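One structure is given here, and the rest of the page talks about it.
The values are calculated or read from the model by the stated rules, or taken from the named source; none is laboratory data. Being a predicted model, the structure only gives us computed values, none of them experimental. Here Cβ is always computed from backbone atoms with ideal geometry, including for glycine, and neighbour counts include all displayed protein chains. Ligands, DNA and RNA are stripped out before the accessible areas are found, and what is left, the full protein with its side chains, is counted by its heavy atoms. Shrake-Rupley method; radii C 1.70, N 1.55, O 1.52, S 1.80 Å.
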Amino acid sequence: LCTARIEALEQHKSSAIAKRAGRIWAQHFVTCRICNNSYSKHSPDVMWCPECKCHVCGNCDCSVYHLSYQEELWKEMSAKEASAKRQQQEVKKNKKKKKREREKERKKAAQQALAA
């Protein structure tokens with residue numbers, strides 16, 4: 001039996017047929033939680049992910065939903081934000097330093113103009 005036929009039988013008018021189709025489905029088939037494609041339980045295309053606690057097909061990558069991946073991504077983002085903040089602080093510091101130097105030069109030029 002194909003998966004579409006069993007899914008259709010689950011919606012049958014007769015509750016006995018619908019229940020039987022549901023039991024067959026639960027016993028022999030699984031659905032990938034990411035792409036919602038149906039597979040045989042014994043198919044090599046589908047695997048049980050212990051971290052996600054669901055079946056995932058070989059075409060889908062559930063590792064992006066794992067906590068370890070999320071933590072690693074968070075560390076990378078934190079590092080980027082910290083480096084950007086440091087870089088901004090350095091730019092501000094350099095601007096202030098240049099401004100002070102210009103002020104000193106202007107004062108020296110003004111004093112030399114007065115002295116001359």
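With the dipole of the chain worked out from charges on the C-beta (+1 for Lys and Arg, -1 for Asp and Glu) around the Cα centre, which of Val56, Leu9, Trp74 lies farthest toward the positive end?
Trp74
Could you please state how large a percent of the accessible area of the stretch 55-116 is carbon and sulfur, counting protein chains only and using a 1.4 Å probe?
Summing carbon and sulfur atoms, their accessible area is 52 percent of the total for the stretch 55-116.
Suppose all protein chains stay in the model; what accessible area per residue would a 1.4 Å probe give for the chain, in Å²?
Result: 87 Å² per residue.
Take the alpha-carbon centre of the stretch 1-16, take the same for the stretch 41-68, and report the distance between them in whole Å.
26 Å
Express the C-alpha Rg of the chain as a ratio against the empirical globular expectation 2.2 N^0.38 Å, rounded to two decimals.
After normalising by residue count via 2.2 N^0.38 Å, the value is 2.50.
Run the numbers for Lys93 and Asn37: contour at 0.36 nm per residue of separation, minus the present Cα-Cα distance, in nm.
Additional length available on full extension: 14.5 nm.
By how many nm would the segment from Arg20 to Arg106 lengthen if fully extended, with 0.36 nm per residue of separation less the alpha-carbon distance?
21.7 nm
Size of the dipole of the chain about the Cα centre, Lys and Arg at +1 and Asp and Glu at -1 on the beta carbon, nothing else charged, in debye to 20?
1420 debye
Are there any trypsin sites (Lys or Arg not before Pro) in the stretch 5-97 that are in a DSSP loop and have at most 10 other Cβ atoms within 10 Å? List them by number.
Those satisfying the criteria are Lys13, Lys53.
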